[in-house]
Amino acid sequence: MISFENSKRILDQVQYAESIAREQIRPQARYYDDHEHELPWEYANFIWHTARKTLDSLRPGAVFPEEPFMLQIHINEMFSWGDFGFFMCLPFPALGGNAIEVSGTEEQKARLREKFQGDKPTWTCMALTEAHCGSDSSAIRTRAVKDGDSWVLNGEKLFVTSARKALIESEGVMVVWATIDPSAGRAGMKPFLVEAKTPGVKITKLEKKLGIRASDTAVVILEDCRIPLENMLGSHMTKGFKGAMATFDSARPTAAANGVGVARATLDFLKEQLALNGIKIRYGVPRNLLTSIERDIVDMEAQLRAAWLLVLKAAWLVDRRKPNTLESSMCKVKAGDIVTKITQKGIEIMGSMGYSRRLLLEKWMRDGKVSDLFEGTGQINRLVIARRILQYSSKELK
Ligand SMILES: Cc1cc2nc3c(=O)[nH]c(=O)nc-3n(C[C@H](O)[C@H](O)[C@H](O)COP(=O)(O)OP(=O)(O)OC[C@H]3O[C@@H](n4cnc5c(N)ncnc54)[C@H](O)[C@@H]3O)c2cc1C
């Protein structure tokens, strides 16, 4: 039986995360939106040295008694309620760490854990997207060629979240997807570990973005970047493309949780403002008797709840090591949709003030949209859902 009732451990940690989101993250959100590419070091250090002692989900390899992914989902949602851009600056394993956990050998996972035991904040990142391919990741052109006891990587990767933090600001690691045989299509795709400060890896640009501006998103060039043979993630037999997709099975619910966090921030703010103006939402009243604003709020709450329940279902499956590709795409689509709609509606309800930078509503609208873009766009996740339900292969339904 599925039950989403949280354990005391999750409830306690969420409560602690809420105090960080409310007191430390939210008050700085506007500053770091205005100062794109400035790193919130004070926050990163606080998380690394203090908050991690309590928040298990920020430590790779911590011994979780139960439901580790469920805990992570709740913390993601709460931090993104504070600020999505700040969440993206968390010094924790993130997407690169997911890829290592999914495809790595025991030795590679142990290396990741070791990195997260140092005395300085550390980040990981994952580089898949290239200029000619984002959604169609099997078309990557970055090459990995075996040369003696090394792999030599050449190529250009775009939109790599946290690349600067992982490669320049810390002794982190980047998971790079490259092809060892371009004629083999997706079968040639393999993941590689590139350590910070490896010669031949260069950040050439930080993207200026619409939203989540506290988070760095970089262009990374690999030029004759030589790494040891054992830095291929997993073994030579690891099915690279399957590994990329499996990484998304856990990454998508986390991205969806981020979207839900932003949508909830908007809705909480709207309800606060309505209460200040003496407007109380009447629940349990027939719909035809509600005012228009009450209907809007009740509809938004229903949509938010639906998205969150889908995220919880996908997370519940991860914790039980059950397949969740369908549920993971479903929650991602729903969260991307509702955060877009709720943040736009929030601006509409607040009128001109909603459009002003005096409030965070306009920022939430810009930030939230990315939930519908990265970790697979809304359209791509709809394709995944359709294939699963109709039992079509990716060749049959493109
Ligand atoms: C802030 C941010 C952070 C990111 N972080 C990372 C990162 O850390 N690592 C990384 O590797 N990438 C990252 N990305 C890249 C992101 O994953 C890609 O942008 C995304 O996969 C879409 O790829 P694309 O931009 O090339 O769009 P395209 O694939 O060119 O798609 C363009 C449009 O066409 C639609 N489309 C494409 N194919 C189909 C189809 N078959 N059917 C219907 N519609 C389709 C898409 O949905 C989209 O609307 C990030 C992007 C952003 C914006």
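The values are calculated or read from the model by the stated rules, or taken from the named source; none is laboratory data. Note that this is a predicted model, so its numbers are computed, not measured. All Cβ positions, even for glycine, are placed from backbone atoms using ideal geometry, and neighbour counts span all protein chains on display. These accessible areas exclude ligands, DNA and RNA; they are computed on the full protein's heavy atoms, side chains included. Shrake-Rupley method; radii C 1.70, N 1.55, O 1.52, S 1.80 Å.
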Could you say whether any residue in segment 158-166 is in contact with a helix residue (DSSP H, G or I) (Cβ under 6 Å, 6 or more places away or on another chain), within 24 Å of E106 (Cα to Cα) and either crowded, with 18+ Cβ neighbours inside 10 Å or of a type in the set (S, T, Y) (or both)? no
Kindly indicate whether E77 is part of a loop (DSSP other than H, G, I, E, B), closer than 24 Å to T217 by Cα and modelled with pLDDT of 95 or more. no
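Take the conditions within 21 Å of R321 (Cβ to Cβ), open to solvent by less than 50 Å² (accessible area, probe 1.4 Å) and among the small types (G, A, S) and apply them to A214. Does it pass?
Working: within 21 Å of R321 (Cβ to Cβ): no; open to solvent by less than 50 Å² (accessible area, probe 1.4 Å): yes; among the small types (G, A, S): yes.
When the stated conditions are applied, A214 does not pass them.
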Single residue of segment 364-398 satisfying the filter (among the charged types (D, E, K, R) and open to solvent by less than 70 Å² (accessible area, probe 1.4 Å)) that is nearest to the ligand (Cβ to nearest atom): E375
Can you pull out every residue in segment 294-317 that is open to solvent by less than 40 Å² (accessible area, probe 1.4 Å) and in contact with a Pro (Cβ under 9 Å, 6 or more places away or on another chain)? V311, L312, A314, A315, L317
Complete set of residues in segment 93-113 that are at pLDDT 90 or above and not in a helix (DSSP H, G or I): G104, T105
Restrict the check to segment 179-188 and report whether at least one residue is within 16 Å of the ligand (Cβ to nearest atom) and hydrophobic (A, V, I, L, M, F, W, C). no
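To keep it simple, each residue is scored yes or no on (1) in contact with a strand residue (DSSP E or B) (Cβ under 7 Å, 6 or more places away or on another chain); (2) touching a residue at least 40 places away in the same chain (Cβ under 8 Å); (3) away from the ligand (no atom under 16 Å from the Cβ).
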position	(1), (2), (3)
A131	yes, no, no
D136	no, no, no
G155	yes, yes, no
V160	yes, yes, no
I168	yes, no, no
G172	yes, yes, no
K190	yes, yes, no
Flag for G354 being of a type in the set (G, A, S), outside any helix (DSSP H, G or I), buried (at least 21 other Cβ atoms within 10 Å of the Cβ) and out of contact with any Ser or Thr (no Cβ under 6 Å at 6 or more places or on another chain): no
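Can you name the residue in segment 271-290 that is touching a residue at least 12 places away in the same chain (Cβ under 8 Å) and open to solvent by 40 Å² or more (accessible area, probe 1.4 Å) and, of all such residues, is nearest to the chain's Cα centre (by Cα)?
To start, the set of residues in segment 271-290 that are touching a residue at least 12 places away in the same chain (Cβ under 8 Å) comprises 271, 273-274, 279, 281-283.
Adding the requirement that they be open to solvent by 40 Å² or more (accessible area, probe 1.4 Å) leaves 271, 273, 279, 282-283.
Details: K271: 27, Q273: 30, I279: 35, R282: 35, Y283: 34 Å.
Here the residue is K271.
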State whether the residues of segment 145-152 include one that is part of a strand (DSSP E or B), without any contact (Cβ under 8 Å) to a residue 60 or more places away in the chain, more than 21 Å from the chain's Cα centre (by Cα) and more than 10 Å from the ligand (Cβ to nearest atom). yes
